Protein chains: 2
Amino acid sequence: MTRLNDSVGIVTTQYVDFDVELQLESGRLLGPLTLAYETYGTLSASADNAILVCHAWTGDAHAAGRYDPEDRKPGWWDGMIGPGKVLDTDRYFVICSNVIGSCQGSTGPASLNPRTGKPYNLSFPVLMVRDMVRAQKLLIDHLGIETLLAVIGGSMGAMQSLEWGIHYPERVRSVIPIAGTGRTSPMAIALNALARQAIYNDPSWRKGNYRPEHPPVDGFALARAVGHISFLSDASMQLKFGRRFSARDGMFDFFGQFEIERYLEYNGGNFVGRFDTNAFLYLAKALDLYDVAWNFDSREDALRNLRCPSLWFAFSSDWLYTPAQTEEVVAALRTLGQPVSYHLIESDYGHDSFLVEPEKFTHYIVEFLDRLR
Amino acid sequence: MTRLNDSVGIVTTQYVDFDVELQLESGRLLGPLTLAYETYGTLSASADNAILVCHAWTGDAHAAGRYDPEDRKPGWWDGMIGPGKVLDTDRYFVICSNVIGSCQGSTGPASLNPRTGKPYNLSFPVLMVRDMVRAQKLLIDHLGIETLLAVIGGSMGAMQSLEWGIHYPERVRSVIPIAGTGRTSPMAIALNALARQAIYNDPSWRKGNYRPEHPPVDGFALARAVGHISFLSDASMQLKFGRRFSARDGMFDFFGQFEIERYLEYNGGNFVGRFDTNAFLYLAKALDLYDVAWNFDSREDALRNLRCPSLWFAFSSDWLYTPAQTEEVVAALRTLGQPVSYHLIESDYGHDSFLVEPEKFTHYIVEFLDRLR
């Protein structure tokens, strides 16, 4: 029986430095590297119970637990990870690490370039999701784990899961991509293009050379609002905001706002203080470039390397990474005879459904993991 | 037989001044008013063959024909209006006027306020679509037309058609709303909020007091790009751009662009020279505020006033004003026993389908108009 109340308790983010020069898909080198990560549960003596959780665009290594007893907010997937939960820390050793290119402890554009002593900013190399996974593998090696029981994640985390399965087939026993895609669509790219342009238009951005204490606040908040819309759905906005007008303003006030606008503005503004603008841009770029077929002859050629069982989820109201995009990959895997399960989950919460309504799909994950052991 | 090649020929935009104080939905007064309009064909002796065409957000009175023989681009619905065309100018007298609040010849925020001798800018009153229709009625009166045979339009034009039918039932024999909605959704409002914020973020906007020769170019281009995305669909972007990378740039260049981005940037930039930023904002506001039930007890109460036959179209890939939104209105009209026809048109071109693939639905319009005469 899945318990939902138990927490992994107080956790600490750990950091590990790798004195490497990682060769990236672009041909450029990146190093040395720092990776921030957290672990929950205990690695078994045979190291066969490790599950890697991969985070989405603006996520971080803090997937579960709290930093201290006063901490109001637990990790971003706390409902999923803990004793008796879906990723049961009484049974599994769960790892989450911040991706490279981000700003939550792992090496990214805001990190100091050891060769110049200054932040990389736009001299940071353009990354692909595959590069993130390559860096994660350093961590898995470091932790002494030969084989991951599962790699799981939503959105950009789904991409990482798939890349793990394809590029390190001998290191992965299963992958669980949730609300993912085999390649980002032009619609998703177009939305990211709006976000980029919103930042470029902000004079404070200074081609990425803003001072950390003076980030491009207005442009970045707007960029975040673009993302926010793409994570929601018309139905979820109807449920939450409808056409309600903000009480403060008159309907015929030029600057009057509907509640949905006020919400977007508030959330965009909130976000600015807790994420680095350049990191946001580099990760957006990695999302845009994502195509499982990259450097293969075809998608089928890439997917042929995924030899482990995979469990896929898509959400009916997700218009960013649409069910059709997941279904393309699943169909290709079926044609190749690969072991694959897929569930289309009815949910009104758009792309964010995987965070908002986990109870609609987690039982499939429990069963899937049980069968692996 | 519908001919598609004949043009209405050389046309001239006309202007008419009304020395009125138009009472707006907001309670504010607006006047005097200028309306820009064009007409095609000849008004019959009994004035019973007039069709009013209503334009969309950034449209204008120039719906058909060319201004001079060298004119490369005809009016925005030239494929629909002309001798032998759907709106057959051998039979019908077709009128199109620029809405108030716009900047294409009719009174809008860039017009001079006669009381101050300066442009209105943000002192211009917030308008609703109903106010646009109220101003159009002045023109129809001025042209000596007691009854319009039809009022037709797409998008914001669909809203105007419906408002005509509801507010002047004795003056309208039919309405043809295309790709419309009974009320804009929170998703549509959210997208407009992005566009607004993009403009507000531009220091050149100066709270609407930019000099006409120094408009907020960057913010306005971005605002237009937001709109552009919402008029397209994932499928149409796939068809037109796919994931093709712009030849100029390397994939691993930070500023490298996919073709879809380049296209959005180019089109946004192009638009800035031909539309006024404040007018764009006022019309966006009117779209957001649109709700057929406004000032009625309910939608049904509003729709009860639509006594003429109505012909509705929605497009399968339109995610801005979704088919479901049209279907809500159509269902309500049916319940009320009103004469209503509805066609869901399969098209990949999103909201823009009504401009891109008219051949998919125009035969229904021809038949509908034939039955009216």
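The values are calculated or read from the model by the stated rules, or taken from the named source; none is laboratory data. Just so we're clear, the structure is a prediction, and the values are computed from it rather than from any experiment. Backbone-built Cβ (ideal geometry, glycine too); neighbour counts: all protein chains shown.
Looking at residue B:321, is it under 21 Å from the mean Cα position of the chain (by Cα), surrounded by fewer than 20 Cβ atoms within 10 Å (Cβ to Cβ) and modelled with pLDDT of 95 or more?
Taking the combined requirement at face value, the residue does not satisfy it.
Looking at region B:98-118, which of its residues are free of Cβ contacts under 8 Å to residues at least 40 places away in the same chain, in contact with a strand residue (DSSP E or B) (Cβ under 9 Å, 6 or more places away or on another chain) and of a type in the set (S, T, N, Q)?
Hit for region B:98-118 is B:113, nothing else.
Is at least one residue of region B:159-176 closer than 29 Å to residue B:78 by Cα, more than 14 Å from chain A (Cβ to nearest Cβ), in a loop (DSSP other than H, G, I, E, B) and of a type in the set (Gly, Ala, Ser)?
Yes, the conditions are met somewhere in region B:159-176.
Determine, yes or no, whether residue B:146 is modelled with pLDDT of 95 or more, in a loop (DSSP other than H, G, I, E, B) and on the phi < 0 side of the Ramachandran plot.
Answer is yes for this residue.
Within region A:203-219, does at least one residue satisfy the condition of being crowded, with 24+ Cβ neighbours inside 10 Å, more than 8 Å from every other protein chain (Cβ to nearest Cβ) and of a type in the set (Val, Ile, Thr)?
There is no residue in region A:203-219 that is crowded, with 24+ Cβ neighbours inside 10 Å, more than 8 Å from every other protein chain (Cβ to nearest Cβ) and of a type in the set (Val, Ile, Thr).
Name the residue, out of A:194, A:162, A:127, A:122, that is within 19 Å of the chain's Cα centre (by Cα), over 18 Å from residue A:306 (Cβ atoms) and not β-branched (Val, Ile, Thr).
From the options A:194, A:162, A:127, A:122, the qualifying one is A:127.
Can you pull out every residue in region B:239-272 that is among the small types (Gly, Ala, Ser) and at pLDDT 90 or above?
Scanning region B:239-272 gives B:242, B:256.
Find the residue count for region A:230-262, including only residues that are under 26 Å from residue B:293 (Cα atoms) and assigned to a helix (DSSP H, G or I).
11
State yes or no: is residue B:222 within 21 Å of the chain's Cα centre (by Cα), touching a residue at least 60 places away in the same chain (Cβ under 8 Å) and facing chain A (nearest Cβ under 10 Å)?
It is false that residue B:222 is within 21 Å of the chain's Cα centre (by Cα), touching a residue at least 60 places away in the same chain (Cβ under 8 Å) and facing chain A (nearest Cβ under 10 Å).
It is to be established whether one or more residues within region B:93-104 are farther than 19 Å from residue B:56 by Cβ and outside any strand (DSSP E or B).
no
Is it fair to say residue B:183 is in contact (Cβ under 8 Å) with a residue 24 or more places away in the chain and at the interface with another protein chain (Cβ under 8 Å from one of its Cβ atoms)?
Yes, satisfied.
For residue A:90, are the conditions met, namely being under 30 Å from residue A:342 (Cα atoms), within 14 Å of another protein chain (Cβ to nearest Cβ) and modelled with pLDDT of 95 or more?
So residue A:90 fails the test.
Can we say residue A:269 is surrounded by fewer than 18 Cβ atoms within 10 Å (Cβ to Cβ) and either closer than 21 Å to residue A:104 by Cα or free of Cβ contacts under 8 Å to residues at least 24 places away in the same chain (or both)?
Yes; evaluated as a whole, the condition is true for this residue.
Could you check how many residues of region A:3-60 are assigned to a loop (DSSP other than H, G, I, E, B) and either touching a Ser or Thr at 6+ places or on another chain (Cβ under 7 Å) or of a type outside the set (A, V, I, L, M) (or both)?
Residues that pass the stated criteria total 28.
Give the residue, chosen from B:9, B:101, that is under 30 Å from residue B:291 (Cβ atoms) and not hydrophobic (A, V, I, L, M, F, W, C).
Answer to the selection: B:101.
Could you tell me whether region B:126-146 includes any residue that is within 14 Å of chain A (Cβ to nearest Cβ), in contact with a Gly (Cβ under 7 Å, 6 or more places away or on another chain) and in contact (Cβ under 8 Å) with a residue 12 or more places away in the chain?
yes
Among the candidates B:275, B:296, B:315, B:280, single out the residue that is in contact with a strand residue (DSSP E or B) (Cβ under 6 Å, 6 or more places away or on another chain), modelled with pLDDT of 95 or more and of a type in the set (Phe, Trp, Tyr).
B:315
What is the residue count in region B:291-346 for residues that are part of a helix (DSSP H, G or I), of a type in the set (Gly, Ala, Ser) and closer than 22 Å to residue B:190 by Cβ?
The total comes to 1.
Restricting to region B:19-63, what's the tally of residues that are more than 20 Å from residue B:164 (Cβ to Cβ) and buried (at least 24 other Cβ atoms within 10 Å of the Cβ)?
Residues meeting the conditions: 1.
Select from region B:231-253 the residues that are out of contact with any His (no Cβ under 6 Å at 6 or more places or on another chain) and more than 10 Å from chain A (Cβ to nearest Cβ) and list them in ascending order.
B:246, B:247, B:248, B:249
Of all residues in region B:116-125, which are within 14 Å of another protein chain (Cβ to nearest Cβ) and either farther than 19 Å from residue B:27 by Cβ or in contact with a Cys (Cβ under 7 Å, 6 or more places away or on another chain) (or both)?
Listed by number, the list holds a single entry, B:121.
Would region A:208-215 turn up any residue that is part of a helix (DSSP H, G or I), modelled with pLDDT of 95 or more, touching a Pro at 6+ places or on another chain (Cβ under 8 Å) and under 24 Å from residue A:110 (Cβ atoms)?
Checked region A:208-215: at least one residue is part of a helix (DSSP H, G or I), modelled with pLDDT of 95 or more, touching a Pro at 6+ places or on another chain (Cβ under 8 Å) and under 24 Å from residue A:110 (Cβ atoms).
From (1) over 20 Å from residue B:150 (Cβ atoms); (2) touching a residue at least 12 places away in the same chain (Cβ under 8 Å), pick out the condition that doesn't hold for residue B:339.
Unmet for residue B:339, out of (1) over 20 Å from residue B:150 (Cβ atoms); (2) touching a residue at least 12 places away in the same chain (Cβ under 8 Å): (1).
Starting from residues that are surrounded by 20 or more Cβ atoms within 10 Å (Cβ to Cβ) and not aliphatic (A, V, I, L, M), keep the ones in region A:278-307 and report whichever is farthest from the other protein chains (Cβ to nearest Cβ).
Of everything passing the filter in region A:278-307, A:280 is farthest from the other protein chains (Cβ to nearest Cβ).
Going residue by residue through region B:190-202, is there one that turns out to be farther than 29 Å from residue B:52 by Cβ, more than 9 Å from every other protein chain (Cβ to nearest Cβ) and either part of a loop (DSSP other than H, G, I, E, B) or small (Gly, Ala, Ser) (or both)?
no
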